[in-house]
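Just below is one structure, and these are the notes that go with it.
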Amino acid sequence: MYTYESSKAAFERAQKSIPGGVNSPVRAFKNVGGIPLFLEKAEGAYLYDIDGNKYVDFVGSWGPMILGHAHRPVIEAIQKKAEKSTSFGAPTELETEIAELIKSMVPNVDLIRMVNSGTEACMSAIRLARGYTGKNKFIKFDGCYHGHADMFLVNAGSGVATLNIQTVPGVTAGVTNDTLIAPYNDLEAVKKLVAEHKDEIAAIIVEPVAGNMGCVLPKVGFLDGLRAICDENKMLLIFDEVMTGFRQSKGGAQARLNIDADLMTFGKVIGAGLPVGAFAGKKEIMSHIAPLGNVYQAGTLSGNPLAMIAGFTLLSELNLHPEYYTELAEKAAYLKKGIIDVFAKHDEPVQVNQLGSMMSLFFNAAPVTDFATSAASDQAKFSKFFHGLLKRGVYLPASQYECWFLSNALTIADLDFTIKAMDESLSELSAN
Ligand SMILES: *Cc1c(COP(=O)(O)O)cnc(C)c1O
């Protein structure tokens, strides 16, 4: 039987010094109830909390841990690098090496700028798109999250949706006036916005596989349609590949789905668990960034040597082992089938959305294709299910609005363990 006495005490203590006891809201378990677990260490596919409980991990630090936690080559590379100082604020050759590596892996990257988070990457990409096109407005999709910069905090999915925040205090109408919203997978809505704001829209930013309203897949033709609309209207197509980059394939969603974006943003896997983001694209656009151009963007710790060596080591390995992606997709498909079978056994309607190693399930009888259909899922049931799994040693994201990130450290035995825990949790659900 799992007990959480140490986590309870740690949470009490944390709340006295940290808002809500957490440094990012999705960690707070607010939607599912209970207290967040405080973690001690992780290895491969397993997490260990400070009470000594062990969990099979489906969060993977929200994406970076694609080959599992404490991956030896990454850890050793960081240790070695740290001996030579943790930061210079001056160029290093390693920054060029990781840039060259990414160019060799990802389509449409001529130039790439490193930043410290996905948030920074997305806000910089929008600034660049505006600076390059001379237009101010942009389109984002309901339920897509592009970090917490002011202009993105409209219908923002993820924690904003989980906490049910309708409008974010502190974000002025002046900033969000230029943010236009369309439902995901709805090309007609996009066309309407473009017609209504002719020659005012700089870009469309989209999660090519959405992961911040749960996992939602692009319908056939949706991304191609966005590409065509952008071409016809001199708008830039920005793929937010913070989740999908180096995860959907070594070339991200662009390569997997065979669609060219003008600008891409990265985060999560790119830093192997250290704070890294990046934005990239064609030379013609990227050369508007300072110091080449006047679109200003900067960072004291950008290209930090520990972050760069961690990312470089992980990306090098992904580059050399395309079979990892096949293995990940096979494991995800195995889990998906297990979920569908076990829910059928309990007569519980479920939707499982999955592409590659991104997936999530919804307590919902109807397909989930956008934010509205995601939000129509049964949140109360998910919360009970979440806790049923947690006490059986399976750690899922604490919200139906969050994607699960599989790691290749997961074994079939781990997945069978997870499916069995789901079976038991569903029995518990129907019993009360
Ligand atoms: C996580 C995420 C971000 C924000 O990245 P941070 O590193 O948390 O700032 C942006 N876009 C997408 C699609 C994300 O999933």
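The figure for residue 113 is an accessible area of roughly 70 square angstrom, using a 1.4 Å probe on the protein chains alone. Given the pairs 268/331; 135/250; 30/391; 41/81; 336/420; 41/391, which span a C-alpha to C-alpha distance of over 25 angstrom in this model? Where the Cα-Cα span goes over 25 Å, the pairs concerned are 135/250. When +1 charges are put on Lys and Arg Cβ atoms and -1 charges on Asp and Glu Cβ atoms, the dipole computed for the chain relative to its Cα centre reaches about 500 debye. Listed by chain and number, the aspartates and glutamates whose alpha-carbon sits under 15 Å from that of residue 140, ignoring those within fewer than 8 places in the same chain, are 150, 178, 186, 188, 200, 207, 240, 241, 370.
The candidates 428, 317, 76, arranged from most to least accessible area with a 1.4 Å probe in the full protein assembly, appear as 76, 428, 317.
Got a sec? Which residues in region 161-175 would a label at residue 149 touch, if it sits 7 Å along Cα→Cβ and we count backbone N under 13 Å? It comes to no residues whatsoever. Helix 379-390 against the longest principal axis of the chain: what's the angle in degrees, Cα atoms only, rounded to the nearest 10? The answer is roughly 70 degrees. With a simple spin-label model that places each label point 7 Å from the Cα along the Cα-to-Cβ direction, the separation between residue 292 and residue 90 comes to 2.5 nm. Each label was represented as a point 7 Å from its Cα along the Cα-to-Cβ direction; for residue 255 and residue 2 these points are 3.5 nm apart.
Sorted by packing (mean other beta-carbon atoms within 10 Å per residue), highest first, where do 166-174, 271-279 land?
Values: 166-174: 9.3, 271-279: 26.0.
Ranked by mean Cβ neighbours within 10 Å, highest first: 271-279, 166-174.
Residues considered: 55, 401, 334. Largest GNM mean-square fluctuation over the chain, using C-alpha springs under 10 Å, is found at 334.
When all alpha-carbon pairs of the chain are counted, what percent fall beyond 43 Å? Roughly 10 percent, rounded to a whole number.
For region 72-320, the direction-averaged projected area of the alpha-carbon convex hull comes to 13.4 nm².
Springs join every pair of Cα atoms under 10 Å in this Gaussian network model of the chain, and among 296, 395, 324 the largest mean-square fluctuation is at 296.
The values are calculated or read from the model by the stated rules, or taken from the named source; none is laboratory data. Since the structure is predicted, the reported quantities are computational estimates derived from the model, not experimental observations. FYI the Cβ positions are ideal-geometry reconstructions off the backbone, even for glycines, and counts take in every protein chain you see. Protein only, heavy atoms only, side chains kept; ligands, DNA and RNA dropped before computing areas. Shrake-Rupley method; radii C 1.70, N 1.55, O 1.52, S 1.80 Å.
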